Amino acid sequence: MTSWFGAGLGAFERRRAAAAFLTVFGVAVGHALLETARDALFLARLPASQLPWAYLAIAVAAAGLSRVSWPSGRSSLGRRSLSLMLLTTAAVTAGLWALGPAGDPWKLRALYVWTGVNATVTGLQLWLILGGFWTVREAKGAFTALTVGGLVGGVVGAAVARALLTVSPPAGLLLASAGAQALTAVGPALLLSPGGPALTRPRAPLASSMRIVREHRYARGLAALALLSTMALTAADFVFKSGVARSVPAGELGAFFAGTYTALNALALGTQLFVAGWLLRVLGLTRTQAVLPGLLLLGSAGFVAGGALVAALFLKAADGAFRDVHRSTSELLLVPLPDELRSRTKPFLDVAARRGGQALASLGILAAMALPRPETWVAAACAALSLAWIVRARELRQGYLDVFRSALREGRLRGGAELPALDVPAFEAVLAALGSGDDAEVIGAMDVLADGGHVRLIPTLVLYHPSEAVALRALELFERGGRRDFVGAADRLRHHASPRLRAAALRARTAAVPDRDVLRAAAADPSPVVRAAASVALVSLGEDPVDAAPALEELLADPDPEVRRELARAVAQRPSPVFEELLERLAHGSEPAVLTEVARAMGTLRSERFLPVLVRLLAQGEVRGAARTALLRFGERGLSFVAAALADPSLPHAVRRHLPRTISRFPAEAAAPVLLGRLLVEPDGMVRFRILRGLGRLAADHPALPLDRELLHQAMERTLEVTFRLIHWRAVLLEGAVEDPRRATASHDLLVALLRDKERHAVERLFRLLALELRGENLHDVHRGLSNTSPELRASSLELLEHLLPPALREPVLALVDDLPDAVRLARAGAHYRVEALGYERLLGVLLESPGDALRSLAVHHIGELGLRDLREQVERLQLEHPAGVLQRAAARALRRLSGAGEGLADAR
């Protein structure tokens, strides 16, 4: 079962996948039991004419509940709330059983509404929880497994209901349903662990969503489809239950519904597993949307014609078998919309269109109650609504394709976008885009085909496209996709005017079908770019490197960086140890485009002699991504080398500060101990901060990753001590300027500002450490709220923080973030920092010994300003320890001022 969630699951992920499956299964079992009891009890005691009132009550209640903000599954509250909610719904269901609703019409009405509300609330919370566990790509596999879990649970629940009805009245199913929900609450639901930090977006007001939907033609079509489908399905449900109530004796309703729901859920499971995918491939999204209304149209027409129970059963069978298919295709129709429009459209469809459709259908059924044979009139309305549904689905096809083409032009469906499998109309739109006059649209269409595994559908004639960018991208995709049928077209590009395109064609055709004669001819090409590609390919195919050396030397000396770039690109395609020295020489250059290709080639060859070069390239922003990716390709060897580099303080700061993020990209189980091991011993504040960010990234991506809590506590203790020390130092500077205003120089103000800035960064580091300890709680939002100018938001953040912090840290952390005088803060430091008497001059001496060139430089300058000759010896020592750089120059200026007669404020103590 866990294979549906994707390959490579660890033990924790497998347990969580199993828990998710069993939770969905248990909820579905409980709902099937409750639904069977509800229908049997309601229709045995009340007439079917009461159903529309129940539908209306459910619509109103569900619409209200859909606007409630529920806890996210990425918080510990969200995890607990699922179990608590399941226990609560189980208690309510058990309470209804204890009240004995079988003989009381109002209790039966309450039971019917409760069943609908229960399904809405539980389903909403369950999917909010599960939605926080997987990325979009992982969720594609999870969707299939969890859907199957729900359908299997429905089959089992209905079968259990049928078995229980042989020994118990229908009311007994309420207790069984409560038991299933309670077992799920204390079993698999508790095993679900929260994910990483929640990424929430504010809920858009419904009026705003309505205005946006009204202005967008395709979104209007989706809203109309949701409204019509909900109305038709509500009418079909009424027709089915009315037919059952008229044809099945009251005493047999329980067994009838249990048997029917068992068969329907089994049918839905088979449809989901064996029919849905085939329909999408053959009919496409919009035509598949017409399958369910087509079946409803047939069933409704049969009922109107006098088919009675048989037609009613056909209606319910169509609904049960294809409703999940309808839901899936409705979600997929939203995919091409821009993110902002999709985020506004979906709430409107869920709240206004679907719940509004349910309410309108209920009112229509109530109106039909005044007519003779109301079931027939409702069936006729269902047929009309189904026909309108089919027409609207057909009209939606053009809008879907137009939005899809627009998404292609704007690049929203490219670059690894999360796409469903392309249906026939979407394929037609993509293939049509290949003939567009817009280069971006053509490239986007090729990327979509390649990302979907359909690179062979890109015609080779695209290589003759007038745009060089299009032809280059096609060659890259053909080479990556392992195609060989483009070689003839590529050979015709040998006479193209663009050297870059000739070289790319030569590389791609060599990867597909190596030909020494073609390469030798290309080695005589007038362009050095083409000759570079040919020379590297010939050596990789066995030509003597000694014979090729003069040509390669000439190419290395060429002033055009595109030639050296092509050399590196060609080596990446045809890697061989013979090119290791060539790549090292290319790495001595300075052009970012060349160095990027060099890094890629080094990652392909993976020689250990490249590791120092790749680490050095991390300092260059434009090359960093390629260098980092190359290091990752070395695996354990790469991690060991980068870890050793992080422990080497002699490396330039510009390199070391990028090592923690690089380490965090390696497998989490191996990377986390490396970063934790440096957390307490790393002297560079910026690097420590990057280590914390790297650990935060690992913890967010791998919620079950174990981290040494004792080490984290030590780091928090040290960070608290550092933060209070910074506050103490700043307080001494401020008090000193009050005692003697002559101390309030420009350097003094800069020192105060720098200490305040360091304090702010220290608090941020503290919150990052707390986030590692209190995983599942969004400490980032709390920290951001504490910096907000709104008093209400600050107060709320403080209140939440106070409840989240462990007792040992509560008072000192709150002292740091609350609006308190410095003296009060320091008094609340407790054992984390002991305040000692510290004079102004002594503090400046301490600052000279502190880490950080900026802080020491300002302290030195301030000493010179004030003429504090008692600190002259420390300044001289600092100058000797730093014979060059900013500190040396600051010390030299201060010493000149200290040597001047009458300069400074010698008595500024």
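Just a few scattered comments:
- Taking every protein chain into account, the accessible area of the chain amounts to 43 square angstrom per residue (probe 1.4 Å).
- Surface listing: Arg246, Arg869 arranged by accessible area from highest to lowest gives Arg246, Arg869, probe 1.4 Å.
- Global geometry of region 608-707, whether rounded, prolate or oblate, following the gyration tensor of its Cα atoms and the 1.5 cut on a/c: oblate
- Positive minus negative residues near Ala178 (Lys, Arg vs Asp, Glu; Cβ under 15 Å): 0
- Rg/Rh (Cα only; Kirkwood hydrodynamic radius) as it applies to region 466-513: 0.91
- In the chain, helices alone account for a calculated mean residue ellipticity at 222 nm of -23500 deg cm²/dmol, with every DSSP H run of four or more residues adding -39,500 (n - 2.57).
- About the Cα centre, charge dipole magnitude for the chain (Lys/Arg +1, Asp/Glu -1 at Cβ), debye: 1920 debye
- For region 756-855, Kirkwood radius (reciprocal of mean inverse C-alpha pair distance, Å): 15.2 Å
- Taking only the C-alpha atoms of region 713-899, the Rg (one decimal) and the largest Cα-Cα distance, Dmax (whole number), read 18.8, 59 Å.
- D by Stokes-Einstein for region 724-787, Kirkwood Rh over Cα pairs, 20 °C, 1.002 mPa s: 159 µm²/s.
- Rounded Å value of the spacing that divides the Cα centres of region 267-312 and region 801-874: 74 Å
- Expected-Rg normalisation [2.2 N^0.38 Å, Cα atoms] applied to region 571-638: 0.95
- Carbon-plus-sulfur accessible fraction, region 608-707 (probe radius 1.4 Å, protein heavy atoms only): 54%.
- Solvent exposure of Thr184, expressed as accessible area, is near 10 Å², computed with a probe of 1.4 Å over the protein chains only.
- Heavy-atom accessible surface of His31, to the nearest 10 Å², is about 60 Å², with a 1.4 Å probe and all protein chains retained.
- Shown in residue order for region 763-778 are the 3J(HN,Hα) couplings computed by the Karplus curve 6.51 cos²θ - 1.76 cosθ + 1.60 at θ = phi - 60°: 5, 4, 4, 4, 5, 5, 5, 4, 5, 5, 7, 9, 5, x, 9, 7 Hz (x for Gly and Pro).
- From the coordinates shown, mean projected area of the Cα convex hull in nm² corresponds to which of (1) 63.5; (2) 46.8; (3) 40.3: (2)
- Full-stretch length increase - Ala163, Glu799 - with 0.36 nm per residue and alpha-carbon distance subtracted: 223.7 nm
- Applying the criteria of a DSSP loop state and at most 14 other Cβ atoms within 10 Å to the trypsin sites (Lys or Arg not before Pro) of region 458-507 yields Arg484.
- For region 757-841, trypsin sites (Lys or Arg not before Pro) meeting the loop criterion (DSSP other than H, G, I, E, B) and having at most 13 other Cβ atoms within 10 Å: Arg834.
- Taking the convex hull of the alpha carbon positions in region 666-713 and averaging its projected area over all directions gives 3.2 nm².
- Accessible area (Å², 1.4 Å probe, nearest 10) - Ile390: 50 Å²
- Per residue Cα convex hull volume in Å³ - calculated over region 793-909: 148 Å³
- 0 to 90° range, to nearest 10: angle between helix 791-804 axis and the chain longest Cα axis: 90 degrees
The values are calculated or read from the model by the stated rules, or taken from the named source; none is laboratory data. Worth saying up front: this structure is predicted, and the values here are computed from it rather than measured. Virtual Cβ from ideal backbone geometry, glycine too; neighbours counted across all protein chains shown. The protein model used for the area step is the full one, side chains on, heavy atoms only, and it has no ligands, DNA or RNA in it. Shrake-Rupley method; radii C 1.70, N 1.55, O 1.52, S 1.80 Å.
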